[in-house]
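Below you'll find the structure, written out as structure tokens, and then a few comments.
The values are calculated or read from the model by the stated rules, or taken from the named source; none is laboratory data. Nothing here was measured: the structure is a model prediction, and the numbers come from that model. Every residue, glycine as well, gets a Cβ built from its backbone with ideal geometry; the counts of neighbours run over all protein chains shown.
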Amino acid sequence: MDEGERGPRLQAFLSRAGVASRRACERLILDGRVSVDGAVVSELGSRVPPGAAVALDGAPVLPESRKRYILLNKPPGYISAMSDPEGRPLAADLLKASVEERVYNAGRLDQWSCGLLVFTNDGELASLLLRPSSGIDKEYEITADAPLPDSFFERFLRGVRVDGIVYRAHAARRAGPAQARVVLIEGKNREIRRVLEVFGRKALVLRRVRIGPIAIGALAEGSFRDLTELEVASLKSYGTSEKRREQ
């Protein structure tokens, strides 16, 4: 019996419907937030029979919709989450008036950082962007509140240990007395800000200007656009091609 007769696994159904990445959907199921035909399902092996009604937190989840790939230039002050109990502005809210599909951010920027975020309902691409082993690098522009010492670049490239965690840049170069360009691959939480603090500096501006082969270009702050088919294909193949070049 194939998937068409048995139905897809529940986490695959949710991911294809644009709820979240497959791993995040697995957590939603384990947390008891998903139901099929009115019955809460909390096991990952469960399937969705053809025609079954699926709901998340009581809200219907429609079957897989048209794939969307959206590039947003997030302004400072917005958070990278689909909801916030504190009522802070959401980056996703900037899309609501124009995007009908249920998309979610594949990656994060902290509230006061700005720049590129990808929103999609393609679980495969979201997983690729979120997985450090994919090798998709991200480039950031930094303006600090005081000139940066040469040791900032030297140590960031070697690795800076903060509270038992090692932060290491893939590339780092000076762009001015207090300006830098930094490339990260793994991108741990608040990595650049924490390394700056080691040197007694704070970021006045922290902007992501590139995700793999996709650069910010002329995209204005607060604006968004759909990625082209060529850009999506290049993003999906970028990590593999980068790792090949390094071997």
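Residue by residue, here is whether (1) in the same structural domain as residue 232 (by TED's automatic domain parsing); (2) in contact with a helix residue (DSSP H, G or I) (Cβ under 8 Å, 6 or more places away or on another chain); (3) under 30 Å from residue 217 (Cα atoms) holds:
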site	(1), (2), (3)
32	no, no, no
51	no, no, no
56	no, yes, no
89	yes, no, yes
92	yes, no, yes
100	yes, no, yes
Given (1) within 30 Å of residue 141 (Cα to Cα); (2) buried (at least 17 other Cβ atoms within 10 Å of the Cβ), residue 83 misses just (2)
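Hand me the list of strands (runs of 3 or more DSSP E) wholly inside the stretch 81-178 holding 3 or more residues that are under 25 Å from residue 215 (Cβ atoms), modelled with pLDDT of 95 or more and not basic (Lys, Arg).
Once the strands (runs of 3 or more DSSP E) in the stretch 81-178 are filtered for at least 3 residues that are under 25 Å from residue 215 (Cβ atoms), modelled with pLDDT of 95 or more and not basic (Lys, Arg), what remains is 114-120, 138-144, 171-176.
Tell me the residue from 171, 146 that is under 20 Å from residue 187 (Cβ atoms) and either surrounded by 16 or more Cβ atoms within 10 Å (Cβ to Cβ) or without any contact (Cβ under 8 Å) to a residue 60 or more places away in the chain (or both), please. First the steps, then the outcome.
Details: 146 fails: under 20 Å from residue 187 (Cβ atoms).
It is 171.
From the list 164, 159, 135, 217, pick out the single residue that is at positive phi and in contact with a helix residue (DSSP H, G or I) (Cβ under 9 Å, 6 or more places away or on another chain).
After ruling out the rest, the residue left standing is 135.
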Hits in the stretch 181-213 (condition: crowded, with 18+ Cβ neighbours inside 10 Å and in contact with a helix residue (DSSP H, G or I) (Cβ under 7 Å, 6 or more places away or on another chain)):
182, 184, 195, 203, 206, 212
Given (1) aliphatic (A, V, I, L, M); (2) touching a Ser or Thr at 6+ places or on another chain (Cβ under 6 Å); (3) farther than 19 Å from residue 130 by Cβ, number of the condition residue 103 does not satisfy:
(3)
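Every residue, every condition in (1) in a loop (DSSP other than H, G, I, E, B); (2) polar (S, T, N, Q), yes or no:
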| position | (1), (2) |
| --- | --- |
| 12 | no, no |
| 29 | no, no |
| 42 | yes, yes |
| 45 | yes, no |
| 51 | yes, no |
Any chance residue 21 is out of contact with any Lys or Arg (no Cβ under 8 Å at 6 or more places or on another chain) and surrounded by fewer than 17 Cβ atoms within 10 Å (Cβ to Cβ):
no
